[in-house]
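I have placed the structure first, in the form of structure tokens, so that the comments after it can refer back to it.
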Amino acid sequence: MTYNENVFIEKVNLRKLLYPGDLIDVEFPEQHIVANSRILDMSFQKRIAVILPPYHKNRKIETYSREKIIIRFYDFSASVVFKSHILKNSMEGIIIYLPRIAYRIQKRMFFRVSIIREGILLDEENNKKIRFETRDFSAGGMQIITKSTLEKDKRYILKNLTITDDLILEDIETMVVRSLGQNLYKENIYGMKFLNVNYKLEKKIVRFANLYSIKARHGAVGE
């Protein structure tokens, strides 16, 4: 295992993690596209896997033999990544090269993405709704700005935060863990920690953060 300040990277046996039926993200570096697909069949003995034709925004992606791709899927709060290439298209699906080794990337702290969204906190003690904007976001928490003053170490309920139509956080318990002063507009800046995000939502946020960062590298965050 190797690591830096923020990330653990571990070589893993792909046979123990990837199975037919698993959903995967397929990155096409030359096309600057991240598409969705699924494992249909696989053989580690033959070093091949058959995947569904990848789709991006309801459009089937054209592929060609020897095209380099990056496969990514998710294991708890980590992403598992391996490099591959397309061997050929067939009636059953797209046949790709299947290595035996992949890399499991575990964020020491949940990976954050810079994103601006409006949300509402509830101060239950005072029955007060507090409007805010995010400045970054992860499965572990968020940095926000607000005109209201929040108390450090106090718990608030995140009533609503819509990241995308498919990723909406509601009734999440949060706590102020850092007070970061004010910006030029005299708005208060706070670091918030999520306290009761379940596994399903955590996995969804991790996947969003990873895909968002990939799209940002390809200049496609507006898609």
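A few remarks follow.
- Restricting the calculation to Cα atoms, the stretch 60-169 shows an Rg/Rh of 1.19 when the hydrodynamic-style radius is the Kirkwood one.
- Once both labels are positioned 7 Å from their Cα atoms along Cα-to-Cβ, the gap between residue 13 and residue 154 label points is 5.3 nm.
- Across the stretch 145-215, Cα pairs under 8 Å and at least six residues apart give a relative contact order of 27 percent.
- Stokes-Einstein diffusion coefficient of the chain, Kirkwood radius over Cα pairs, 25 °C, 0.890 mPa s, in µm²/s: 127 µm²/s
- Among 44, 73, 28, residue whose mean-square fluctuation peaks in a GNM of the chain (springs only between Cα atoms under 10 Å): 44
- Between the C-alpha center of the stretch 16-48 and that of the stretch 54-71 there is a gap of 11 Å.
- Annotation note: GluC sites (Glu not before Pro) in the stretch 108-146 located in DSSP loop regions with a Cβ neighbour count of at most 15 within 10 Å are 124, 125.
- Label-point separation in nm, residue 198 to residue 89, each point 7 Å along Cα→Cβ: 4.1 nm
- For the chain, adding -39500 (n - 2.57) for each run of n ≥ 4 DSSP H residues and dividing by the number of residues yields -3000 deg cm²/dmol at 222 nm.
- Mean Cα-pair separation over length for the chain, i.e. relative contact order, pairs under 8 Å, 6 or more apart, %: 15 percent
- FRET efficiency estimate (nearest 0.05) - Cβ-Cβ, residue 182 to residue 58, R0 30 angstrom: 0.10
- The relative contact order of the stretch 45-115, computed from alpha carbon pairs under 8 Å that lie at least 6 residues apart in sequence, is 33 percent.
- Acute angle (nearest 10 degrees) that the helix 199-217 long axis makes with the longest principal axis of the chain, alpha-carbon atoms: 80 degrees
- Across the stretch 2-107, counting alpha-carbon atoms alone, Rg and Dmax equal 13.6, 46 Å.
- P(r) tail, the stretch 140-223: Cα-Cα pairs separated by more than 22 Å, 37% of all pairs.
Quick note: the coordinates plus some simple rules give every number you see, no bench work behind them. Everything numeric in this text was worked out from a predicted model, so none of it was measured. All Cβ positions, glycine included, derive from the backbone under ideal geometry; neighbour counts span all protein chains shown.
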